Amino acid sequence: MKILLIEDEVKLAEYLRKGLGEVGYVVDVAHNGVDGLHMALEGAHDLLVLDAMLPGIDGFSLLSAFRKSRQTPVLMLTARISVEDRVLGLQTGADDYLVKPFAFSELNARIQVLLRRTHGAHDAVEPTQLRLSDLELDLVRRKASRGGQRLDLTAKEFLLLTLFLRRKSEVLSRTEIAEQVWDMHFDSETNVVEVAIRRLRGKIDKPFNTALLHTIRGMGYIMEERNG
């Protein structure tokens, strides 16, 4: 999936480009409205992430011009929180609206929803029990077990395991894990994710014959059952 990010805050744009790249998207970036409109009309993108306040051409004008010929989903970003601004964005043609500051995990979730709509998929009913091999998680009773043996998890370890089981067989980057579980922007100097992964492995994998939580070098982590 290919995303066009139009954002004039260079630091934020780079952070989002890196994070979205880590979760599997190809990301093009424009830092002003003129370049953004040109790239939007000339390129083939599955979704646009568009800042409302841009130099050259503002986001609302860009979106209005873009909608004359293209129906690609658009997620608007803005620091302006008034109802009038949100209504204007939606009336102009935005499919969703996200107010700054926001967590990367929320941005990623909204992108996934818009892309599912575009490709005709339907949301499934959220299960209350998650399972992989002999590892089981009860979300209602907040209990975890493997091979019938109860696992003593901290609150964060439970959240971390829930994330992995909900997204089993998907590679999760450290950026996404940090924001999903700790609601924090990922800092490359911080090893909180690695420490939590190591402790979780010590409880769900180390006492058992088969490992379920694996490291994908340079990309992140994945929970899946492997043969051999």
Gain upon complete extension [Arg166, Met1; 0.36 nm per residue less C-alpha separation]
57.3 nm
Theoretical ellipticity at 222 nm over the chain - DSSP helices of four or more residues, -39500 (n - 2.57) apiece, nearest 500
-12000 deg cm²/dmol
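Please tell me the relative contact order of region 2-118 in percent, rounded to the nearest whole number, where contacts are Cα pairs under 8 Å and at least six residues apart.
Relative contact order, region 2-118: 23 percent.
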Give, rounded to the nearest 20 debye, the magnitude of the charge dipole that the chain has about its Cα centre when Lys and Arg contribute +1 at Cβ and Asp and Glu contribute -1 at Cβ.
940
Calculated on alpha-carbon atoms, Rg and Dmax of region 2-118 in Å
12.6, 34
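Please give the contour-minus-distance gain from Arg117 to Arg198: 0.36 nm per residue of separation, less the Cα-Cα distance, rounded to one decimal in nm. Walk me through the numbers on the way to the answer.
Details: separation 81, 0.36 × 81 = 29.16 nm, distance 3.67 nm.
The Arg117-Arg198 span can extend by a further 25.5 nm.
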Among Ala155, Ser145, Leu130 - extreme Cα towards positive end, dipole of region 129-223, charges at beta-carbon:
Ser145
Between Asp58 and Thr210, what is the label-to-label distance in nm when each label sits 7 Å out along the Cα-to-Cβ direction?
5.8
Degrees, to the nearest 10: 192-204 long Cα axis against longest axis of the chain
40
Between region 125-169 and region 43-69, how many Å separate their Cα centres?
41
Which values, in whole Å and largest first, are the semi-axes of the equivalent ellipsoid of region 129-223 obtained as the square root of 5 times each eigenvalue of the Cα gyration tensor?
21, 14, 12
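Against the 2.2 N^0.38 Å scaling, with N counting residues, where does region 14-56 land? I'd like the Cα-based Rg ratio to two decimal places.
Expressed relative to 2.2 N^0.38 Å, the Cα Rg reads 1.17.
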Length gained if Leu41 through Ser145 is fully extended, taking 0.36 nm per residue and subtracting the Cα-Cα distance, is 32.3 nm
What is the helix-to-structure angle for 155-166, meaning the angle in degrees between its Cα long axis and the longest Cα principal axis of the chain, kept from 0 to 90 and rounded to the nearest 10?
70
Over the chain, what is the relative contact order in whole percent, taking alpha-carbon pairs under 8 Å and six or more residues apart?
14
Of the cross-linked pairs Lys143/Lys203; Lys168/Lys203; Lys143/Lys206; Lys68/Lys100, which ones have a Cα-Cα span greater than 24 Å in the structure shown?
Lys68/Lys100
Can you tell which of Ser105, Thr210, Leu77 lies farthest toward the positive end of the dipole of the chain, using +1 and -1 charges on the Cβ of basic and acidic side chains (Lys, Arg; Asp, Glu)?
Thr210
Along each principal axis of its Cα atoms, how long is the chain end to end? Whole angstroms, biggest number first, please.
60, 38, 35
Taking only Cα atoms, what is the 0 to 90° angle, nearest 10, from helix 104-118's long axis to the longest principal axis of the chain?
70
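Throughout, read-outs are computed from the coordinates displayed, never taken from laboratory work. Note that the coordinates shown come from a computational prediction; the quantities given were computed from them, not determined experimentally. Glycine also receives a Cβ, built like all others from the backbone with ideal geometry; neighbour counts cover every protein chain displayed.
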